[in-house]
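One structure is given here, and the rest of the page talks about it.
The values are calculated or read from the model by the stated rules, or taken from the named source; none is laboratory data. From a predicted model like this one, the values you see are computed outputs, not experimental measurements. Cβ placement follows ideal geometry from the backbone for every residue including glycine, while neighbour counts extend to all protein chains displayed. These accessible areas exclude ligands, DNA and RNA; they are computed on the full protein's heavy atoms, side chains included. Shrake-Rupley method; radii C 1.70, N 1.55, O 1.52, S 1.80 Å.
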Amino acid sequence: YGEKPASFNRLQPSGAIPVAIIDGKVYNQSNDIIYTLESTFSTPAAGGDPDKHKPLLPPQDDTELRMTASRLLKLERTLFSAWMYWLTGSERSKGNFINVLQEVEKELTSSKGGDFFLGPDVSLVDFMFAPFLERTAASMMFFKGYQIRVAKGAKTEYPAINKWFDAMETLSSY
């Protein structure tokens, strides 16, 4: 991404992005940045409307759901790797990509009470998957002729992933 100013290189000697300073501490991994922002700003400011802020992570006391979120974020990274290997490598990588994508499908199918990864409400997990699943669906169709996203109501091997896309598209922020 080009030359970086010395002030940036002092924060991130490798020059890689993203970088954020939150409460005086430097974070240089997107997951760390997101978790810190959510932890730091998970409640409305004094006098703010609590109905206008929905936490994006499960509550601290919901250990099971927090572990599920962590496992799903690891699955997102696994899918990224499988996608990249097939996209840039040989057809031998196709089977692994499909297996991992089927695991994503299974997770969404088993989601309790909604079309998002953790249930009826959008969460940090959905926001982490969103840009990647969008790129995956587009690139696999374009470069490999492999269709993931279909028109609403069309037959697909990935109905839960498609329902997830549809649910994401109902969000005004999406």
Quick one: ranking Glu157, Glu3, Glu91 by accessible area, 1.4 Å probe, largest first, what do you get?
-> Glu3, Glu157, Glu91
Would you give the gap between the C-alpha center of region 53-77 and the C-alpha center of region 17-42, rounded to a whole Å?
-> 17
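Roll a 1.4 Å probe over the protein chains and send me the accessible area per residue for the chain in Å². If you can, show how the numbers build up before the last one.
Numbers: 10770 Å² over 174 residues.
About 62 Å² of surface per residue is accessible.
At most 13 other Cβ atoms within 10 Å and a DSSP loop assignment: could you name the chymotrypsin sites (Phe, Trp or Tyr not before Pro) in region 1-43 that fit? Can you show the working numbers first?
Working: sites: Tyr1, Phe8, Tyr27, Tyr35, Phe41; in loops: Tyr1, Phe41.
Within region 1-43, the qualifying chymotrypsin sites (Phe, Trp or Tyr not before Pro) (loop, at most 13 other Cβ atoms within 10 Å) are Tyr1, Phe41.
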Apply the Karplus parameterisation 6.51 cos²θ - 1.76 cosθ + 1.60, with θ equal to phi minus 60°, to every residue of region 105-113 and state each ³J(HN,Hα) to the nearest whole Hz, in sequence, with x for glycine and proline.
-> 4, 4, 4, 5, 5, 8, 4, 8, x
For Gly119, enumerate residues with amide H under 5 Å from its amide H, sequence gap 5+ or separate chain, H modeled in the peptide plane.
-> Lys112
Report, please, the projected area of region 83-174 averaged over directions, based on the convex hull of its C-alpha atoms, in nm².
-> 5.9
Excluding ligands, DNA and RNA, the carbon-plus-sulfur percentage of the accessible area of the chain with a 1.4 Å probe reads 55
Evaluated over the chain, the Cα radius of gyration and Dmax, each in Å | 18.4, 57
Rank these by accessible area, largest first, 1.4 Å probe: Met141, Met168, Met128.
-> Met141, Met128, Met168
So what is the relative contact order for the chain, in percent, with contacts set as C-alpha pairs under 8 Å and at least six apart?
-> 13
